[in-house]
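Below is one structure, written out as structure tokens; the observations come after it.
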Amino acid sequence: MRAPTQKPVIYRFFPRGYSEHRNGVLNSILLWLIAGMGLVILPSCANLGGPAYQRPELPVKKEWSRGSSTAETIRLDWWTAFGDPYLNSLIEKAIAQGIDLKILAARSEVAEVAIEQARAGALPTVNLGFGINTQKVTGQSSTTQYNAASALNWELDIWGKFKKGVKAQTAAYKATEADWRAGYLTLVSNVATSYFQIRQFDEQIQRQQAYLNQNEEILAIYESMHQEGLIPETQILQQKAEISRLKTGLLELNRLRTVTENALATLLGIPAGELQVPRSYLQDSVDIIGVPSGLPADLLSRRPDVIAAEYRILQAHELSGQAKLAKLPSITLTARGGTASFELTDLMKMWTFGIMPSINFPIFDPNINARIKVSEAEAKVAAEEYRRTVFQAFEEVENALTNLASRKEQKKELEQQIIDLRIVSDQIQAQLEEGLISQLQVFEIQRSLLAAELAMLSNYQQILSSTVTLYKALGGGWPETDIQQSLQ
């Protein structure tokens, strides 16, 4: 014997009689009562979506090894403290038209629209169609039948399965917002460090040119002394080789400046070769600034890449909960209606429709079990990636603090070295004027002084770049974010 099948309740509206309509209503009420009982009874025995989200445990880090300071809050436009209006204009232009930020913003828009797509799963779907059927039999006149039909399907979100999906996609969207902030910091940092390098090249080129001029004067002295038989020709050749080395170095410095300028143009969204940065000197243009370091705990709620990583844990957590909810029974409402007539004017005179609530018990579905295992594994991956991001953040801050402190100590030593060499240079110059020493001795001390000044210039650029790196590592002034609260 064939097992009975569930049939939808049928309503037919006729110009006369209502007994069939009455029976349909009674059957519909009975089915609604069954569905209502499912809504009340089943949640009491269901393990909904797993435990609440908790941030992964991390080793406690109370302070930085180089000390900490919370007296000052990092401004979002922290680079303005360098006191260089041209740098400010470059960064503003990069933020406004940088390609990388536009890509991140577009990804964020995609993630935001996907939230509505996730919400759509909990909404009913309605379809409506019309048709015309014309038939012709030989020897008979043709017949035309008009029909219309509609259908509604709605899975009730009694367990919050679709709500979990919305939360997961919202977390994904929040992660892309944090990605944009991280990209913003990376862009600003790259623009600043590229600009510092260009300014360093400008000053190096000027000093290298001055050093080259001095060596050309030394060559002229050597040639005069050689004509008088005071020095061998090998000394002249050595000096010429030194001049060639300096000229090669100048060519290399100009090449590096052009290449860095092209890289800066790309960061600004300008075709390479079309950006011309006016020449200026680094130490005259950019000021060294102090940096508040904050506390390690602040890093977890301020630094964009850490925030993005935690949002992705939350996304994986919600998807895992959604996969578990798929094992619970689902209640679906299905309604269909239609009409047919040989006359278009009579199409709406008789309308038939049916409604069928149904409860689906997924007793055995290997796909659901596999999806649960995959989602749990992905949640573990997200958690470990979050831990890795946090550890990298701690390392970057510690390294930036160490580099900055060390280079500032080096700066003190270089400053003292330059002071000593300038005193010696002044004394040598006075002895030259008195005829006690030769011009060559003056050139030698000036060469040592120039080398120290170039080392000081490099140190100055390293301090600026380390400062930028530290601001980036500390989150660059972005406000604190409460991950769970932001999704309420």
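Tabulated values for the structure
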item	result
FRET efficiency estimate (nearest 0.05) - Cβ-Cβ, Met356 to Tyr86, R0 56 angstrom	0.20
Extension gain from Val374 to Val259, taking 0.36 nm per residue of separation minus the Cα-Cα distance	36.7 nm
Area accessible to solvent at Glu480, 1.4 Å probe radius, in Å²	110 Å²
Accessible area in the full protein assembly, largest first, 1.4 Å probe, for Asp84, Asp482	Asp482, Asp84
Subset of Lys93/Lys411; Lys174/Lys324; Lys62/Lys93; Lys61/Lys472; Lys163/Lys472; Lys102/Lys472 violating a 27 Å alpha-carbon distance limit	Lys93/Lys411; Lys62/Lys93; Lys163/Lys472
Accessible area of region 322-412 belonging to carbon and sulfur atoms, whole % at 1.4 Å probe	57 percent
For peptides 121-127, 93-99, 416-422, sequence by mean Cβ density within 10 Å, most packed first	93-99, 416-422, 121-127
Where labels lie 7 Å past Cα in the beta-carbon direction, separation of Lys240 and Glu252 in nm	2.2 nm
Computed E for Ala340/Ala105 - FRET, C-beta separation, R0 56 angstrom, nearest 0.05	0.60
Tensor-based shape of region 239-360 (alpha-carbon gyration tensor, a/c under 1.5 rounded, otherwise prolate or oblate)	prolate
Probe 1.4 Å, all protein chains present, accessible-area order of Lys136, Lys174, largest first	Lys136, Lys174
Nearest-0.05 FRET efficiency for Arg388 and Asp77, computed from C-beta distance (R0 30 Å)	0.50
Tyr460 accessible area, assembled protein chains, probe 1.4 Å, Å²	20 Å²
Tensor-based shape of region 96-184 (alpha-carbon gyration tensor, a/c under 1.5 rounded, otherwise prolate or oblate)	oblate
Estimated inter-spin distance, Glu116 and Gln416, nm [label 7 Å along Cα→Cβ]	6.7 nm
Fraction of accessible area attributable to carbon and sulfur, region 153-274 (%, probe 1.4 Å)	52 percent
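The values are calculated or read from the model by the stated rules, or taken from the named source; none is laboratory data. The structure displayed is predicted, hence computed values, not measured ones. Every residue, glycine among them, receives a Cβ derived from its backbone with ideal geometry; neighbour counts consider all protein chains shown. Quick note on the areas: whole protein, heavy atoms, side chains included, nothing else; ligands and nucleic acids left out. Shrake-Rupley method; radii C 1.70, N 1.55, O 1.52, S 1.80 Å.
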